[in-house]
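To start, the structure itself, in structure tokens.
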Amino acid sequence: MSLQIPHRDKSNGTTGTTKAVILVGGSSRGTRFRPLSLDVPKPLFDVAGHPIIWHCLTAIDKVPSIQEVYLIGYYEESVFRDFIKDSSIEFPNLSIKYLREYQALGTAGGLYHFRDAILKGRPERLFVLNSDVCCSFPLNEMLKLSQEKDAEAVILGTRVSEDAASNFGCIVSDSHTRRVLHYVEKPESHISNLINCGVYLFSTDAIFPSIRSAIKRRTDRPSRLVSYPSSDNLESSFMIDDDDDESRQNEVIRLEQDILSDMADSKQFFVYETKDFWRQIKTAGSAIPANALYLQKAWQSGSKELAAPAANIIPPVYIHPTATVHPTAKLGPNVSIGPRVTIGAGARVKESIVLEDSEIKHDACVLYSIIGWNSRVGAWARVEGTPTPVTSHTTSIIKNGVKVQAITILGKECSVGDEIRVQNCICLPFKELKRDVANEVIM
Amino acid sequence: MPKPLVEFGNKRMILHQIEALAAAGVTDIVLAVNYRPEVMEKYLREYEEQFGINITISIESEPLGTAGPLKLAEETLSKDDTPFFVLNSDVTCEYPFKELAAFHKSHGDEGTIVVTKVEEPSKYGVIVHKPNHASRIDRFVEKPVEFVGNRINAGIYILNTSVLKRIELRPTSIEQETFPDMVKDGQLHSFDLEGFWMDVGQPKDFLTGTCLYLSSLTKKGNKTLSSPTLPYVHGGNVLIDPSAKIGKNCRIGPNVTIGPDVVVGDGVRLQRCVLLSGSKVKDHAWVKSTIVGWNSTVGRWARLENVTVLGDDVTIGDEIYVNGGSILPHKTIKANVDVPAIIM
């Protein structure tokens, strides 16, 4: 891919560097990703054969002016050690560091806390990527827009259905100039169907003063009015969210709630609207559409990692080199098979992720599901989720008047007996399923 | 397909009955039907020849209940003075016609009804005998609340021709009018049925009846059953027509009937099911408690269960799940049927 070298039109003529931050959150934030986040931090969960944040790094690596990337979050140091080691080899042009918050500071609070490290070397611009989004990350396009407009901030936006829009940050923009006129997080009424993708490019001169003034406002008026989330949040899951507790702490400053709406008043805030795919990776089940989208992207770009199409391989399919797949098993589309997985004779896997050391026995059928690490699916068993529409931004469906997860998820070391059927279930780790189950959370 | 022509244990229901009747010395059979049985004619002519018997079709132009059709066929039934058998076409058992006739002759009264023992008499009409009499019936108690007995009408009778005088040519119930009338005169006896009994009119009972029938074949050491030592036979009671093809690495049984010209693919799991002639179950499918209709196709990795019934020429797509679906003929199913439903 040929990329033009970024240039500045400003009179001083210096070519500024760009840095990138990936917001990875912390262990207390992963509750909606249970049961999978019980065993692996969400940013390191494998989607299309690679950790979620690997996909962010791949996009960052394609921006020539970026040499330094920070992961900011509040997981323990050891969590990202191996990932950073491996990524430093895979992305030799990037220096990757983990900056640990000792308490959750909020997305903007974290940036501000580490401002000295980030501003070292006087970068001109700063990309900020939420790790829980899946998209094509058109960073070079955002950079180009930023330079054209001499923007203080560029936000990545995408169009969603009117119903879905109120679950996200909504952007009102001038369609001609692409300037952001108004920003509101999860509005109760319909404002716009152009939503915040959670990917930003800030001018360093603008973002840090902006966070500082937000902190100052907070200190002046400690009991601020919390903007309530929409009453019917599409993505609420079977675990209670912990957002409310966090927002009560005064130290927490979030980009979405506390910074962006003020920036919309600055006249130098622009939106780059992507026509490409975009999904949030929020609930564990949302790893399935993300897996499909990243695999399709890899397939379209001619990635050599994917399995070659064959009578029993419907692309795109990722099979880890250490996995064993019986020649009579049929895989795909949109399947990722992890390390040391065994797929038996005549098994069928479609629209699913099979995590490392798992075994799918002969003649079993796995559809729209995630099979957790070291799990077993018995012979002639059927583990099945329900497909959701391509345009849908939710992974739950209504069955018999009850909201259930569309994707079936087996946690770590679960086993499904021979000939057993599991449909639309979330199964916590170490469970043994000996009877047919549907529409349940198995604790 | 008229019900009497449906294969039960790979043999048409009516053939089971004709065979047993012919073996008991019956020479004339009347088929009392209320539809034009054009498709049946061909088979009936065949059976007439095979067993050296006469089969008459008696068509009701209006429903005549369970006794009226006997009056309609009076001419054939009273050709001579010998008693005649009456049987409900949905009933399967080890038809004991010879023993029944002998018993009937021995008591000398007008009628004998075959009775079977049931576990829950409260769901049926129960027979009560005369005090100090083993077979003469005293009365019938419909759905008894308190235990009065555990023998119920099995839908098979032997009657003297004189019984026809008790019946008028109008819609009449043999159970509610004719039998009580005979009981009043002390003319009706019961005969205990040995072995299994099932009314297979409903799909669920058809499957249960098939299990009972296959078990009885196993018990009798019937050679047409597949040997339990075959690698794919699991748990026995498996009846496979010699013209059927079975793929590699299948697990079949217990209680499976596979009809003529059926094709079963590789890695297929079958249990408690009936595959009717010309049907096809593709690779890796899983089929349980299901009737797969004539010339129907079950897709790869499909899963059928919980009394699913496929009509004639139904197609179930690959990877489809059907839970208790009744699928009408010629339908193609491309989406899961998660809860029991009739798919028209």
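The values are calculated or read from the model by the stated rules, or taken from the named source; none is laboratory data. Note that the structure is predicted; figures quoted are calculated from it, not measured. Because the Cβ atoms are built from the backbone with ideal geometry, glycine has one as well, and the counts that use them run over all protein chains shown. Accessible surface is based on the protein model in full, side chains and every heavy atom, while ligands, DNA and RNA are left aside. Shrake-Rupley method; radii C 1.70, N 1.55, O 1.52, S 1.80 Å.
Accessible surface of residue B:342, taken over heavy atoms with a 1.4 Å probe and every protein chain present, rounds to 120 Å². Counting 0.36 nm for each residue step from residue A:150 to residue A:220 and taking away their Cα separation leaves a gain of 22.0 nm. Expressed as a whole percent, the accessible area of chain B that falls on carbon and sulfur atoms is 51 (1.4 Å probe). Taking amide H atoms as placed 1.01 Å from N in the peptide plane, the amide H of residue B:124 lies under 5 Å from those of B:143, each 5 or more residues away in sequence or on another chain.
Principal axis analysis of the Cα atoms in the range B:84-214 yields extents of 39, 33, 32 Å, listed in decreasing size. Ordering A:417, A:373, B:335 by the projection of their Cα atoms onto the charge dipole of the protein assembly as shown, which places +1 on the Cβ of Lys and Arg and -1 on the Cβ of Asp and Glu, puts A:373 at the extreme positive end.
Each Lys and Arg contributes +1 and each Asp and Glu -1, all at the Cβ; summed about the Cα centre of the range B:1-78, the dipole is approximately 240 debye.
So which aspartates and glutamates pass the test for residue B:204, namely a Cα distance under 16 Å, with those fewer than 8 places away in the same chain ruled out? Residue B:204 reaches B:7, B:90, B:305. The alpha-carbon positions of the range B:81-154 define a convex hull whose volume is 111 Å³ per residue.
For the range B:298-313, a decrease in accessible area of 50 Å² or greater in the assembled protein chains relative to the isolated chain, with a 1.4 Å probe, applies to B:301, B:303. Computed on protein heavy atoms with a 1.4 Å probe, the accessible areas place A:326, B:284, B:107 in the order A:326, B:107, B:284, largest first. When you filter the chymotrypsin sites (Phe, Trp or Tyr not before Pro) in the range A:71-119 for DSSP loop state and at most 12 other Cβ atoms inside 10 Å of their Cβ, you are left with A:102.
What the Cα atoms of the range A:274-389 give is an Rg and a Dmax of 13.4, 44 Å. All alpha carbon pair distances within the protein assembly as shown were sorted into 10 Å bins beginning at 0; the resulting P(r) in whole percents reads 2, 12, 18, 17, 13, 10, 9, 8, 6, 4, 2, 0, 0. In the context of the full set of protein chains, chain B has a per residue accessible area of 46 Å² (1.4 Å probe). Across chain B, C-alpha contacts under 8 Å between residues 6 or more apart give a mean separation that, scaled by the residue count, equals a relative contact order of 11 percent. Once the Cβ-Cβ distance of residue B:74 and residue B:142 is raised to the sixth power relative to R0 = 22 Å, the FRET efficiency obtained is 0.20. The range A:123-137 and the range A:303-330 have Cα centres lying 31 Å from one another. In the calculated pair distance distribution of the range B:1-63, what percentage of Cα-Cα distances lie above 19 Å? The answer is 29 percent, as a whole percent. The sum of -39500 (n - 2.57) across all DSSP H runs of n ≥ 4, divided by the residue count of chain A, sets its helix-only mean residue ellipticity at 222 nm to -5500 deg cm²/dmol. At a probe radius of 1.4 Å, figure out the B/A buried accessible area, summed over both chains, and give it in Å² to the nearest 100. Summing both sides, the interface buries roughly 1500 Å². Of all lysines in the structure, those lying under 16 Å Cα to Cα from residue A:297, and not within fewer than 8 positions of it along the same chain, are A:62, A:275. Surface calculation, 1.4 Å probe, protein heavy atoms: residue B:332 sits at approximately 80 Å² accessible. Counting only residues at least eight positions apart within a chain, or on another chain, the aspartates and glutamates with an alpha carbon under 18 Å from that of residue B:123 are B:142, B:146, B:175, B:199, B:205.
Of B:49, A:185, A:440, the order by accessible heavy-atom surface (1.4 Å probe, DNA, RNA and ligands excluded), from most exposed downward, is B:49, A:440, A:185. Just check the range B:299-344 against the gyration tensor rule for me: Cα atoms, a ≥ b ≥ c as the square roots of the eigenvalues, rounded for a/c under 1.5, and otherwise prolate or oblate depending on whether a/b exceeds b/c. Oblate. For the range B:18-105, the Cα gyration tensor yields ellipsoid semi-axes of 21, 17, 13 Å (square root of five times each eigenvalue, largest first, whole Å).
Taking Lys and Arg as +1 and Asp and Glu as -1, the other residues whose beta-carbon sits under 14 Å from that of residue A:88 total -2. Reducing the range B:143-165 and the range B:271-329 to their Cα centroids gives an inter-centroid distance of 38 Å. Here the range A:389-443 and the range A:147-206 have alpha carbon centers that stand 35 Å from each other. When Rg and the Kirkwood Rh are both derived from Cα coordinates, the Rg/Rh ratio for the range A:84-183 amounts to 0.99.
In the frame of its principal axes, chain A has Cα extents of 68, 47, 42 Å, reported largest first. With θ taken as phi - 60° and the Karplus curve 6.51 cos²θ - 1.76 cosθ + 1.60 applied, the whole-hertz 3J(HN,Hα) list for the range B:258-274 is 10, x, x, 6, 7, 10, 10, x, 7, x, 8, 10, 10, 8, 6, 8, 10 Hz, x standing for glycine and proline. Of the residues B:214, A:293, ranked by 1.4 Å probe accessible area with the largest first, the sequence reads A:293, B:214. When chain A is treated as a Gaussian network with alpha carbon springs shorter than 10 Å, the biggest mean-square fluctuation among A:213, A:369, A:266 belongs to A:213. Looking at this model, which pairs from B:130/B:223; A:19/A:42; B:223/B:288; B:220/B:280; A:403/B:334 are more than 32 angstrom apart at the alpha-carbon? Too far apart for the 32 Å limit: B:130/B:223. The relative contact order of the range B:241-344 comes to 16 percent, based on Cα pairs under 8 Å that sit 6 or more residues apart. Among the protein heavy atoms of the range A:279-369, carbon and sulfur supply 56% of the accessible surface, probe 1.4 Å, non-protein parts ignored.
Where does each of B:128-135, B:237-244, B:114-121 land if you order them by average Cβ count within 10 Å, highest first?
Final packing ranking: B:237-244, B:114-121, B:128-135.
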